[in-house]
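Working notes, structure below.
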Amino acid sequence: MSIKRNLITIKGIKDGLVFRLDERCEFDELLTGLREMLENSETFLSGPLVSIDVRFGGRDLSDEQKLQILDVLRSKRNLLVRSIEGSKTAELRENAVLRVPIATMSGMVRSGQVLQHDGNLLFLGDVNPGGSIVCTGDIYILGALRGMAHAGSEGSEHAIVGASYLAPTQLRIAEVISRPPDSAEESSAHPHETQMEFAYLKDGQMQIDKMANIARLRRDLNVFKGV
């Protein structure tokens, strides 16, 4: 949905809405466009409580200007502003997640169990069907992933999920969810062949690749090239 020459665009996500504000127009024009959007969207933005994230791109906003935006949004009682940030803030947060050392845990995640971790995680063991691992950063499983894994749980689209045996009931990176195909023909075509793989996002779509190719996404890794 685009309003007033795309000054404000709205994107629906699983648990709310993202408001993206134009970063080139004058601030007063932006506020006017935001007010008009809210006034003309009675049907779209009415009803139960909706959580929203506000993104203002590369624009430099003072605390006072952020408060002005919040005041306009609060005129709609059903809008709950969850965050307001620019691309610089998001980039700093993203880089901070990528620089976090990898924590190591071992064991087994059984059905009904959820392992949650803040940062990057190397898990030595299996994740059984019905079990889940949820991390704000990357997830590496030295074992079989047969349950659910959610990397980048706070919105990091650069997070990845890797496993010795990747056969999940569900994969999730940020807000993108991927489930196995209904037909098991593809997964059973080579039942005796296993290889370490990882999942990542490319243009908003889930992709799977061999673990040996992970350096394409993690440029800071030392790569062995042989002699």
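The values are calculated or read from the model by the stated rules, or taken from the named source; none is laboratory data. Because the structure is predicted, anything quoted here is derived from the model rather than measured. Only protein heavy atoms, including side chains, enter the accessible area calculation; ligands, DNA and RNA are left aside. Shrake-Rupley method; radii C 1.70, N 1.55, O 1.52, S 1.80 Å.
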Accessible-area composition of segment 106-145, carbon plus sulfur, in percent [1.4 Å probe]: 51
Distant-in-sequence amide H partners of Gly119 (H built 1.01 Å from N, under 5 Å): Thr136, Gly137
Placed amide H near Gly162: partners under 5 Å, 5+ positions off or other chain: Ile139, Tyr140, Ile141, Ala199
